[in-house]
Every structure is written in structure tokens, then in C-alpha cells.
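Rule-based calculations on the coordinates, nothing more; no lab input. Just so it is clear, the model here is predicted, and its values are computed rather than measured. Note that each Cβ is placed from the backbone with ideal geometry, even for glycine, and that neighbours are counted across all protein chains shown.
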Amino acid sequence: MERQTALNALHQHTFLTLGCTDPVAIGLAVAHACQGAEGKIREVRVRLDRNIYKDAVSVGIPGTHSAGVDLAVALAVTKGRPEAGLELFKDVEPGDIEQAKTFLKDHEVRFELDEDATGIRINATVVTEKGTYEALIEGAHDRLLEKKVDGHLVFRADTSCDEGASSGSESLEALRELTVGEIVDTIEALEPAELLFLLEGVTRNLHAAQAGLAEQAGIGLGRGLQSLVAGQSLPDSAINRIRILVAAAADARMGGVKVPIFGCFGSGNHGITFFITVGEMGRYLGKSNEEIAKALALGLLVVGVIKTRTGILTPHCGCAVAAGMGAAAAVTYLLGGKAAQVENAIQLMTANLTGMLCDGAKYGCALKIATSAGVAVETAYLAFAGTSIPAGNGIVGGTFQETMDNLEIVTDRGMKNVDQAVLDVLLTGQN
């Protein structure tokens, strides 16, 4: 693999976000539609893919300690600045919540599922007394594709340029056929200085973990696990310390604490799972920043290959099936593992956690993230010690690539109705 292709993928699929990416993306589409709109608003309509809706409906909005897609829309109308991108809600203050709630009392906000969408797609329509204003986000949570006024196109992104085209899942195709050996060779050929930017992911997400430990947020899983370790109900180990930290960061993010997260491949929770696990294990093992950065890069390329098979948003939990696998691969590499051992770690993770369901973004994501991080570390130690799983055990193939092909079949054919079933349950619970 060409070094520049690898670097491009690492830069393009890591990002800073505030709050859960999905309600932020909904708000961002609405904010873009409002930008330049004239006259008093009468109603707001949002047509979106089922995965975005599933992951937005129950999660906390940053700075509010409240949840709801309606609230995300109202805050975008009253406070949103689209130039802030995925940090759209960074300036939200307590007083803004009442203003947003007043907007919801006086205006209709409607949501409709786009059954034809095959990836990220959010179309926001703002109807005012003077016209209709639309904004379409597609391919990535912050990728504005087009804007319309009264049905007339007034903006269209240049999809022929590298930056625009590479924002969506199509940019991952360069990674699709990589073997683990090729990933290891690529990473070892890169200069460590080119990868040090990835350490920001560790720093940022550990800061979020401290925020989650400092105040009651989400379900308080990080604080709960910390109490169990302090009371010796759980052992004080590297695995449990990592579980505490990832859980606390997820508590903060899912609970609406206003703290930024360094995400990867479209998900802040993926970033929490991945960067904290790898970074903390690197420090525990006494590795240098350069060694940790290389391990992070290796794990991220593994996640990228997985995403070529599953898509960015998935019916199974990506913190387990993508970020957890990448973390296991990276930790195995930090332990001194070679390509065969790194591959064994991915295979073991596939055999273990592939069935974990994604039932939307919510407070309880902390549980799945803590599980995924803990199993990733455990798996890395097992793989480094020589544990492997033979081909033919469930969806595990003889190689990483064969397993990925099998995962794609299970995702596309076997789980194609899972999202709708989950949405049916979630929407029933909202009534």
C-alpha cells in the first residue's frame, strides 16, 4: 500500500466532535438549511436514513443533559452555526435550552425515514413565510452535498475533488483488499513523526473520561466500576482501569457533557473505544509516543478494512466489531506481536463479539464500550501467547480477508432487517 494512501485514510477518518455524532449531524443539516433563510420559520422537516435516526433518538445533547432529536433540531435553529461543523453545539448554554423548548412549542418538527438511503443521508427542509430552504448531508456526518431554495439548486459540492469524494465510505475502497501483513509493512515503513497527530485522540478522550468520572453522567458506569475496584470487588488491573476510563468517557458523551471527543470512521464512540484502549495499554507497557502512534495507525487501518465490509453505520455494534477489533490488533502489535499474531487477535475478536447488537446511541453504550475494550486487551494477550481459532468456526475464515468477506455477507444479508426492528422497538417506546 502506498504510504500517502495510508496517511490520507488516517487523516480523513479521524476527527474531533462534540456530543454524539448523529444528533449533531441532524442539527448541522438544519443549521445549513437555516443559513440564509428569510422570514419567520413555520415548520422544519427532516428526512433521514434509519441508522442516523436510530443512533440519535435516545442520546444526550451536549451541554443540555437532555436527549431528543427534536431538541437537536430546535437548538440548531436557535443557536446553530454550521461553520462549527461537528462541534455545532459547543456554545450551547443552559439558557438556550428554554429558547429551544419554546421553539418546539410554537413550531412543527417532523421526521421521516428515507427508506432508499444506503448510507448517511440527512435532508433538512425549513419552511418559512417567504420560502422553502433545504440542505442535504450525505456520505459523512458533516459532508454538505447540496442546498436548495424553493426547489432550485443554489449549492452543490464538487464531488470530483479528492476532499469531497473521500469524505464518505467510498474513500475506504483503497483499503478493502489489504491483508494484515500489508498493513504491518505499511505502518513500519511510515515515519513516526507523520503519525504523532493520532496521539491527540488519546489525550482528548482521556480528558472526556475524567469529565465522566468527575460528575454523574449517563448511567455512571465509569464511576461504578471505579468504586468496585476501590472496594476490591474487582481487581485493580490494566484491563479494569481501561474499562473504567472508556466507560466514563462514554458516560460523558452519551450523557450530554460538553466535552469534545476524538472519533474515527464516523463515530465518537469508536474513538473512545479505540484511542483510550490503545493509548493506555501503550503507556502501561512503557512504550514511547512514537511506538503508540504506530500501533494506533495499524489499528485504524484494520478498522478501515472492516468498514469497507460493513459500512460506517451498522446493525451490529461497531465499538465491538470494528473499533474493538482494531484495538485488539494494535495492542497485540504493542506487545511485540508479528502479523500472524495480530491477525489471530482479529479472528478471535470476530469469533467473540460479532453478534453484539447496535440498538441505538444511548446511555447504555458505555456498557458495550467497556466490554469491547476489556475483551480487546484480553484477546491481544491471548493472541500474543499463541491462542488462535481455526477456520470454519462460525464466520471465521482461514484469513483476515476471508473473515471480512464472511462478515460482509452476515451484515448485508443476515442483519438487513435488524435496524428496522430496533427502530420499531425504539419508536414504540417513545409513545
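In whole percent, what relative contact order does the chain give with Cα contacts below 8 Å and a gap of six or more residues?
Details: 917 pairs, mean separation 79.5, N = 431.
Reported relative contact order: 18 percent.
Checking the table 40/105; 294/368; 307/416 against a 22 Å threshold on Cα-Cα, which pairs fail?
Numbers: 40/105 15 Å; 294/368 26 Å; 307/416 16 Å.
From the list (40/105; 294/368; 307/416), the Cα-Cα distance tops 22 Å for 294/368.
Is there a quick way to get the dipole size of segment 176-430? I mean about its Cα centre, with the Cβ of Lys and Arg at +1 and of Asp and Glu at -1; what is the value in debye to the nearest 20? Each step should come with its number before you reach the end.
On the way: 17 positive and 22 negative charges, 134 e Å.
Dipole size: approximately 640 debye.
List the aspartates and glutamates whose alpha-carbon lies under 15 Å from that of residue 148, not counting same-chain residues fewer than 8 positions away?
38, 134, 138
Around residue 370, with a cut-off of 15 angstrom between Cβ atoms, what is the net charge of the other residues, counting Lys and Arg +1 and Asp and Glu -1?
On the way: positive: 223, 241, 243, 253, 362, 368; negative: 251, 280, 378.
Computed value for this residue: +3.
I'd like the FRET efficiency for residue 203 and residue 405, computed as 1/(1 + (r/R0)^6) with the beta carbon distance as r and R0 of 30 Å, rounded to 0.05. Each step should come with its number before you reach the end.
Numbers: r = 36 Å, r/R0 = 1.21.
For R0 = 30 Å, the calculated efficiency reads 0.25.
Just for the chain, what percent of DSSP beta bridges are antiparallel, to the closest 5?
Working: 32 of 38 bridges.
Bridges in the chain are about 85 percent antiparallel.
Restricting to segment 1-134, what percent of DSSP beta bridges are antiparallel, rounded to 5?
Details: 12 of 18 bridges.
Expressed as a percentage, antiparallel bridges in segment 1-134 total about 65.
With unit charges on the beta carbon (Lys/Arg positive, Asp/Glu negative), name the residue among 386, 422, 33 whose Cα is farthest towards the positive pole of the charge dipole of the chain.
Of the listed residues, the answer is 422.
By how many nm would the segment from residue 159 to residue 35 grow when fully extended, if each residue of separation counts as 0.36 nm and the alpha-carbon distance is taken off? Present the calculation step by step, with values, prior to reporting the outcome.
On the way: separation 124, 0.36 × 124 = 44.64 nm, distance 2.17 nm.
Separation in residues times 0.36 nm, less the Cα-Cα distance, equals 42.5 nm.
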